[in-house]
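Since every read-out is calculated from the coordinates, none of them should be taken as a lab result. Just so you know, these numbers come straight off a predicted model, no measurement behind them. Don't worry about glycine lacking a Cβ; one is built from the backbone with ideal geometry, like all the others, and counts go over all protein chains shown.
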Amino acid sequence: MTEQIKNAVRQKPSNTILFGLALLFVGLAILTLLPFSAPRENDLGYMSMCPFAPWSTLALLVVAGAIWSIRQYLITRAE
């Protein structure tokens, strides 16, 4: 069964695209917390790349989790 999943992941470019998108959103979530000169402080009390942190960080992580869940569903459905 594990070999079937590996073959399904290798054969479908949509799995790679979804994986890349999930990693992109996780990377963007990390970027929102980096110190940076911004017009105002975020809710954590310092100036970061995104003044809406940590809420924007949580939203990006939720999107990444949703994409990851869709990818996992498509992989298990390929069995």
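Do you know which residues across the stretch 47-75 are polar (S, T, N, Q) and without any contact (Cβ under 8 Å) to a residue 12 or more places away in the chain?
Taking the stretch 47-75 and keeping what is polar (S, T, N, Q), we get 48, 56-57, 69, 72.
Of everything in the stretch 47-75, those that are polar (S, T, N, Q) and without any contact (Cβ under 8 Å) to a residue 12 or more places away in the chain turn out to be 69, 72.
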>> Filter the stretch 43-60 down to the residues that are of a type in the set (Ser, Thr, Tyr) and farther than 8 Å from residue 29 by Cα and list them by number.
In response: 46, 48
> Which of the residues that make up the stretch 58-79 are small (Gly, Ala, Ser) and surrounded by 14 or more Cβ atoms within 10 Å (Cβ to Cβ)?
Replying inline: 59, 64, 78
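Residues in the stretch 58-79: is at least one in a helix (DSSP H, G or I) and more than 21 Å from residue 14 (Cα to Cα)?
Yes, some residue in the stretch 58-79 is in a helix (DSSP H, G or I) and more than 21 Å from residue 14 (Cα to Cα).
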> Can you pull out the residues in the stretch 32-46 that are crowded, with 16+ Cβ neighbours inside 10 Å and either touching a His at 6+ places or on another chain (Cβ under 8 Å) or free of Cβ contacts under 8 Å to residues at least 24 places away in the same chain (or both)?
Replying inline: 42
